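The structure under discussion appears below in the form of structure tokens.
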Amino acid sequence: MNVTKPWTEEQFLNWAESQNGRNEFDGFQPVAMTGGTARHNRITLNIHVAPRSRLRGTQCSAFGQDLGVRTVNGAIRYPDALVTRTKFPETERLAPDVQVVFEVLSPDSGRRDRIEKVREYAGVASIRYYIIVESAGAGLFVPHRRNGGDAWTALTLTGDDTLSLPEIGVDVPVAEFYEDVDFADAAVGG
């Protein structure tokens with residue numbers, strides 16, 4: 001039986017810097033991430049714009065998919081977007097004090113985003129909201145911490161609702177995440 005020795009976080013981060021593709025770390029080894037569709041990219045860009053403009057002048061900062069989040073069991077995830085409350089050196093590869101995490105669903109990421117990452121992000125004390133953004137239609141699934149405790153509750157929102165993130169002082173109409181997104185072929189292509 002050939003058992004591979006688990007990588008360390010530092011080994012992964014050093015290796016990932018030299019890779020052309022995107023990878024996450026499951027606490028044991030690198031996991032390749034596939035590219036997204038044009039719809040996935042447009043939704044992700046909309047997500048970056050919405051909190052960034054609302055956070056100007058606050059202690060919070062929004063970041064994109066190149067900044068990692070350390071989760072439970074030594075895993076490192078690269079969400080589509082995140083918000084942190086802490087200023088930190090711009091040479092850092094992992095975000096401290098992450099408050100909000102956004103993941104846009106892809107046809108191949110549903111199980112990982114809805115099950116594995118919910119558990120991983122729930123294990124990070126600072127994360128208040130994990131927002132799973134649908135890509136086949138306008139809607140969000142939002143597991144979040146209740147009243148500052150450890151328990152998570154879930155909230156579902158449609159394109160007519162507003163996402164309220166009081167801990168970081170942001171309210172965003174869900175429709176804003178889907179601006180200029182065409183769902184005509186969503187049933188076929190995801």
Candidates 146, 119, 114 - the one that is surrounded by fewer than 17 Cβ atoms within 10 Å (Cβ to Cβ), at pLDDT below 90 and either among the aromatic types (Phe, Trp, Tyr) or within 12 Å of the chain's Cα centre (by Cα) (or both): 114
The range 23-38, subset under 14 Å from residue 105 (Cβ atoms) and not β-branched (Val, Ile, Thr), residue surrounded by the fewest Cβ atoms within 10 Å (Cβ to Cβ): 33
Write out, first by first residue and then by second, each pair whose Cβ atoms fall under 9 Å of each other, whose residues are 6+ apart or on separate chains, and whose first residue, in the range 25-43, is on the phi > 0 side of the Ramachandran plot while the second is loosely packed, with under 14 Cβ neighbours inside 10 Å. 27/6; 27/72; 27/73
Single match in 95, 138 (criterion: under 19 Å from residue 176 (Cβ atoms) and either touching a residue at least 12 places away in the same chain (Cβ under 8 Å) or small (Gly, Ala, Ser) (or both)): 138
Test result for residue 56, over 15 Å from the mean Cα position of the chain (by Cα), of a type in the set (Lys, Arg), closer than 26 Å to residue 165 by Cβ and crowded, with 18+ Cβ neighbours inside 10 Å: no
Residue list for the range 168-190, filter: over 17 Å from residue 41 (Cα atoms), modelled with pLDDT under 95 and over 17 Å from the mean Cα position of the chain (by Cα): 169, 187, 188
Out of 84, 71, which single residue is among the hydroxyl-bearing types (Ser, Thr, Tyr), under 22 Å from residue 36 (Cβ atoms) and surrounded by 18 or more Cβ atoms within 10 Å (Cβ to Cβ)? 71
Quick check on residue 128: is it farther than 25 Å from residue 34 by Cβ and within 18 Å of the chain's Cα centre (by Cα)? yes
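One line per residue, one yes/no per condition, for (1) touching a Phe, Trp or Tyr at 6+ places or on another chain (Cβ under 8 Å); (2) of a type in the set (D, E, K, R); (3) in a helix (DSSP H, G or I); (4) closer than 25 Å to residue 135 by Cβ:
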site	(1), (2), (3), (4)
15	yes, no, yes, no
20	no, no, no, yes
24	yes, yes, no, yes
35	no, no, no, yes
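The values are calculated or read from the model by the stated rules, or taken from the named source; none is laboratory data. These figures come from a predicted structure and were not determined experimentally. Counting neighbours? That spans all protein chains shown, and the Cβs are built from the backbone with ideal geometry, glycine included.
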